[in-house]
Structure formats: C-alpha cells, structure tokens
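Peer 1: Okay, here's the structure, questions in a sec.
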Amino acid sequence: MTRVLIVDDSPTETHVLREMLEKHDYQVSVADNGEDGLKIAQEMAPDVILMDIVMPGVNGFQATRKLSKDPATASIPVVIISTKDQDTDRIWGLRQGARDYISKPVTEQELLEKIQGALQG
C-alpha cells in the first residue's frame with residue numbers, strides 16, 4: 001500500500017485530498033504545517049509527499065528544500081499542490097527539489113497521475 005503524507009494547513013483541502021486518495025487504497029497521513037511535515041516525513045518515510053506552499057512557520061518551499069537536502073528524506077518525491085499558479089512559483093518549487101507541481105483545485109485524475117509519475121521517478 002502506497003503511503004502518502006499530505007502537508008497542508010487547510011482542513012478542507014486535506015479532507016478533499018484524503019478522500020480522493022483513500023478510495024484508491026492509499027494510506028494517508030496528514031501534517032498541518034511544514035515543521036510537523038518534516039518530522040513526520042523523517043519518522044514514517046512515506047512513499048510520496050503532497051506539499052502545500054502557503055503555511056504558517058515553515059512554508060512549503062522551505063520544507064521541500066529541507067527534505068531534498070536531508071539524506072534521510074532526499075529520495076522521497078515531493079509533489080507541490082498550491083493555489084500559487086505562476087510559472088515562477090512552479091520553477092522555484094522544482095528548484096527546491098519538488099518532483100512535480102499541481103495548481104489547486106486538483107482533479108482526482110490529475111492527482112493520481114502526478115503521484116504515479118513521482119513514484120516512477
């Protein structure tokens with residue numbers, strides 16, 4: 001079973017993503033901020049991380065950069081999911097180490113495709 005960590009401070013977004021994933025037999029864990037996301041990623045080593053950008057404290061760009069630079073988590077693919085949909089945001093997210101980038105709102109089909117793509121490298 002594929003383990004997915006959702007890092008997003010919006011309970012609504014987290015709920016929507018969790019629903020989409022659980023009906024396709026993904027095991028979902030949630031962190032509601034970047035700091036907790038980093039801790040949980042180190043503890044559980046999920047197969048993929050879905051990362052929001054705009055969060056209090058450690059934002060998604062910072063968390064993605066830390067994950068990609070830490071040897072313990074560097075191999076975990078990060079897919080950024082954000083309302084920030086400018087090309088500059090997308091490029092910056094990929095430069096921080098994200099494997100892919102999705103703009104909200106997310107469709108179930110796009111989410112599943114991006115996760116599969118991230119898992120395949």
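The values are calculated or read from the model by the stated rules, or taken from the named source; none is laboratory data. Because the structure is predicted, anything quoted here is derived from the model rather than measured. Cβ: placed from backbone, ideal geometry, glycine included. Neighbour counts: every protein chain shown.
Peer 1: For Leu50, which of the numbered conditions (1) under 10 Å from the mean Cα position of the chain (by Cα); (2) at pLDDT below 95 fails to hold?
Peer 2: It fails just one condition, (2).
Peer 1: Can you tell me which residue within the range 37-72, out of those that are charged (D, E, K, R) and surrounded by fewer than 17 Cβ atoms within 10 Å (Cβ to Cβ), is nearest to Val106 (Cα to Cα)? Outline the logic, then answer.
Peer 2: Residues of the range 37-72 charged (D, E, K, R): 39, 43, 47, 52, 65-66, 69-70.
Keeping just the survivors that are surrounded by fewer than 17 Cβ atoms within 10 Å (Cβ to Cβ) gives 39, 43, 69-70.
Details: Lys39: 26, Glu43: 27, Lys69: 27, Asp70: 28 Å.
Step by step, filter the range 37-72, then rank; the result is Lys39.
Peer 1: Sort out which residues of the range 19-34 are buried (at least 17 other Cβ atoms within 10 Å of the Cβ) and either farther than 19 Å from Pro56 by Cβ or more than 13 Å from the chain's Cα centre (by Cα) (or both), and write them in order of number.
Peer 2: Matches in the range 19-34: Met20, Leu21, Tyr26, Val28, Ser29.
Peer 1: I would also like to ask the following. Being in contact with an Asp or Glu (Cβ under 9 Å, 6 or more places away or on another chain) and either free of Cβ contacts under 8 Å to residues at least 24 places away in the same chain or in a helix (DSSP H, G or I) (or both) is the filter here; which residues of the range 40-68 pass it?
Peer 2: Here is the first cut: in the range 40-68, the ones in contact with an Asp or Glu (Cβ under 9 Å, 6 or more places away or on another chain) are 41-42, 50-61, 63.
Answer for the range 40-68, where residues must be in contact with an Asp or Glu (Cβ under 9 Å, 6 or more places away or on another chain) and either free of Cβ contacts under 8 Å to residues at least 24 places away in the same chain or in a helix (DSSP H, G or I) (or both): Ala41, Gln42, Gly60, Phe61, Ala63.
Peer 1: Still on this structure, please answer the following. Residue by residue through the range 73-85, note down the ones that are at pLDDT 95 or above and either surrounded by fewer than 18 Cβ atoms within 10 Å (Cβ to Cβ) or among the aliphatic types (A, V, I, L, M) (or both).
Peer 2: Ala74, Ser75, Ile76, Val78, Val79, Ile80, Ile81 - these are the residues of the range 73-85 that are at pLDDT 95 or above and either surrounded by fewer than 18 Cβ atoms within 10 Å (Cβ to Cβ) or among the aliphatic types (A, V, I, L, M) (or both).
Peer 1: Looking at Gly93, Gly37, which is the one that is outside any loop (DSSP other than H, G, I, E, B) and out of contact with any helix residue (DSSP H, G or I) (no Cβ under 6 Å at 6 or more places or on another chain)?
Peer 2: That would be Gly93, the only listed residue that is outside any loop (DSSP other than H, G, I, E, B) and out of contact with any helix residue (DSSP H, G or I) (no Cβ under 6 Å at 6 or more places or on another chain).
Peer 1: Within the range 96-121, take every residue that is in a loop (DSSP other than H, G, I, E, B) and exposed (fewer than 14 other Cβ atoms within 10 Å of the Cβ) and give me the one that is modelled with the lowest pLDDT.
Peer 2: Gly121
Peer 1: Quick one: what pairs do we get from the range 5-16, first residue free of Cβ contacts under 8 Å to residues at least 12 places away in the same chain and more than 17 Å from Val48 (Cα to Cα), second basic (Lys, Arg) and surrounded by fewer than 19 Cβ atoms within 10 Å (Cβ to Cβ), C-beta under 9 Å, 6+ apart or different chains?
Peer 2: Note: no pairs meet the criteria.
Peer 1: Select from the range 84-103 the residues that are touching a residue at least 12 places away in the same chain (Cβ under 8 Å) and within 13 Å of the chain's Cα centre (by Cα) and list them in ascending order.
Peer 2: Hits for the range 84-103 are Gly93, Gln96, Gly97, Ala98, Arg99, Asp100, Tyr101, Ile102, Ser103.
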